[in-house]
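The values are calculated or read from the model by the stated rules, or taken from the named source; none is laboratory data. Quick caveat: nothing in here was measured; it's all calculated off a predicted structure. Cβ placement follows ideal geometry from the backbone for every residue including glycine, while neighbour counts extend to all protein chains displayed.
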Amino acid sequence: MTNTLQIEIENLKCGGCERSILNSVGGIEGVSGVSVDREHHTVHVVADASLRTVVVAKLHAMGYPEIGSVSGLTAGLVNAKSFVSCAIGRMA
């Protein structure tokens, strides 16, 4: 059953971040739609609810973890990853 999954994320800064998220999450098999709300730091994904963990893992790997899911040194490393993802999105 297809749902719209709403995931609140950290480190979302600009259009480069948004483009990276749209391209990467949109490429996950079973995802039929993705939108990003920069103002509310939210990603909306049209997919089966069973794909939520896959989407959250992909976002985390890109540097955009679900709000409250990382802290300490891990948060710093994830933040650095988001700068790389953002730069890639700006060049795309």
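Quick rundown of the values:
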read-out: Close pairs from segment 1-20: first free of Cβ contacts under 8 Å to residues at least 40 places away in the same chain, partner hydrophobic (A, V, I, L, M, F, W, C), Cβ under 9 Å, at least 6 apart; value: Q6/V43; Q6/V45
read-out: Search result, residues across segment 6-21 that are over 12 Å from the mean Cα position of the chain (by Cα) and of a type in the set (A, V, I, L, M, F, W, C); value: C14
read-out: Criterion violated by I28 - all others in (1) surrounded by fewer than 17 Cβ atoms within 10 Å (Cβ to Cβ); (2) of a type in the set (A, V, I, L, M); (3) in a helix (DSSP H, G or I) satisfied; value: (3)
read-out: Unmet requirement for T74, which otherwise passes all of (1) crowded, with 17+ Cβ neighbours inside 10 Å; (2) outside any strand (DSSP E or B); value: (1)
read-out: Residues (surrounded by 18 or more Cβ atoms within 10 Å (Cβ to Cβ), outside any strand (DSSP E or B), touching a Lys or Arg at 6+ places or on another chain (Cβ under 9 Å) and not small (G, A, S)) located in segment 1-20; value: N11, L12, C17, E18, R19
read-out: Filter pass, L51 being modelled with pLDDT of 90 or more, within 10 Å of E10 (Cα to Cα), among the hydrophobic types (A, V, I, L, M, F, W, C) and surrounded by 13 or more Cβ atoms within 10 Å (Cβ to Cβ); value: no
